[in-house]
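Below is one structure; the comments refer to it alone.
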Amino acid sequence: MTRIPQQLVECMAAARQVLVVSGAGISAESGIPTFRDAMQGLWSRYRPEDLATPAAFSRQPELVWQWYQWRRRLVADAQPNRGHQALAGLQNCLSTMMLVTQNVDGLHQRAGSKDVIELHGNLFENRCSSSACGHLEPNTDLDATAPPQCPHCGSLMRPAVVWFGEALPEAALARARHGASECQLLLSVGTSAVVFPAADLAWMVKQAGAVLVEINPATTPLTAVADFVLSGPAGEILPAILRALDPEPSDGAHT
Ligand code: OAD
Ligand code: ZN
């Protein structure tokens, strides 16, 4: 069983605000491949960098659409895991916890986390590819093999996610940065911490003198500067943190 250092438990309990930044690794135990894992099955001959770009969508909209439809079906068939659930539990037992995610899979919300800040958008929404229009709607059809047309302007609809080379949603990034400036402790979970500006949040917190905690079975650029490194899967470590902070939950959670 994972042991959580007592000093970390005390830091977390004392923090007025905790910021959690999650990445694809937290969904790995739900069966969703991370970005830097090899692509699977049909898609193994592509690199995400060759599909997740505005240029790829203009060149081959159907190919890009089909890749997203595959990912949507994978996520729709998956379930949130113990890591997602423990984070939802932590939000109830810490004084203020802000959850910022780079993930587009919605699994935090399905596990019960509230007010999740999505830095890279959401797989289950589509946005008009004409930036002048920007019409946004939920994606309802997981089988369509080509992108639908915008009901307002007739341009192609695209997944409402951030692609390589695109700016992050301004309001989400501003809230995340504000959270980083206010928090006493940042928990970086399941992210390779190499994609900016998301990775900047941890460096901002470190520079401000707050506590940096990393949960990841592998090392990242943050490992050397983190105050606590919990090396292992999020699905084991996060429930252990929750148990250490809240050994006797009134609702019988995390058994
Ligand atoms: P990556 O695929 O870069 O990194 C996943 C991280 O999760 C790695 O550091 C793994 O070691 C770690 N990991 C794997 N299994 C784990 C587990 N069970 N528990 C904890 N950690 C585990 O994914 P991200 O860091 O999320 O952006 O990638 C950041 C961004 O790069 C993505 O949001 C995406 C991509 O380009 C966009 O699409 C804009
Ligand atoms: Zn439109």
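The values are calculated or read from the model by the stated rules, or taken from the named source; none is laboratory data. The structure displayed is predicted, hence computed values, not measured ones. Cβ: placed from backbone, ideal geometry, glycine included. Neighbour counts: every protein chain shown. Just so you know, the surface numbers come from the protein's heavy atoms only, side chains and all, with ligands and any DNA or RNA stripped out. Shrake-Rupley method; radii C 1.70, N 1.55, O 1.52, S 1.80 Å.
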I'm a student and want to see the number: the projected area of the Cα convex hull of the chain, averaged over all directions, in nm². 14.0 nm²
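Treating only the Cβ of Lys, Arg, Asp and Glu as charged (+1, +1, -1, -1), what charge dipole size does segment 127-255 show about its Cα centre? Round to the nearest 20 debye. Walk me through the numbers on the way to the answer.
Details: 6 positive and 13 negative charges, 75 e Å.
It comes to approximately 360 debye.
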For segment 183-255 and segment 1-35, what is the separation of their Cα centres, given in Å? 4 Å
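Can you order the peptides 190-203, 17-30, 146-159 by their average number of other Cβ atoms within 10 Å per residue, highest first? Mind showing how you got there, number by number?
On the way: 190-203: 19.4, 17-30: 24.8, 146-159: 16.3.
Descending mean neighbour count gives 17-30, 190-203, 146-159.
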Write down the accessible area per residue of the chain in Å², having rolled a 1.4 Å probe over the full set of protein chains. 48 Å²
Computed FRET efficiency, Cβ-Cβ of Ser58 and Glu137, R0 22 Å: what is it to the nearest 0.05? 0.60
Return the sequence-ordered ³J(HN,Hα) values of segment 195-203 in whole Hz as given by the Karplus equation 6.51 cos²θ - 1.76 cosθ + 1.60 applied to θ = phi - 60°, using x for Gly and Pro. 9, 9, x, 4, 5, 5, 4, 5, 5
How high is the relative contact order of segment 49-167, in percent, counting Cα pairs under 8 Å that sit 6 or more residues apart? 27 percent
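In percent, how large is the relative contact order of the chain, given Cα pairs closer than 8 Å and 6 or more residues apart?
Values: 437 pairs, mean separation 62.4, N = 255.
That works out to 24 percent.
Could you tell me what fraction of 2.2 N^0.38 Å the Cα radius of gyration of segment 128-234 comes to, as a two-decimal ratio? Don't skip to the end; give the middle numbers.
Details: Rg = 18.5 Å, N = 107, 2.2 N^0.38 = 13.0 Å.
Its radius of gyration relative to the 2.2 N^0.38 Å reference: 1.42.
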Cα-Cα P(r), segment 17-101, percent of pairs per 10 Å interval: 15, 38, 28, 16, 4
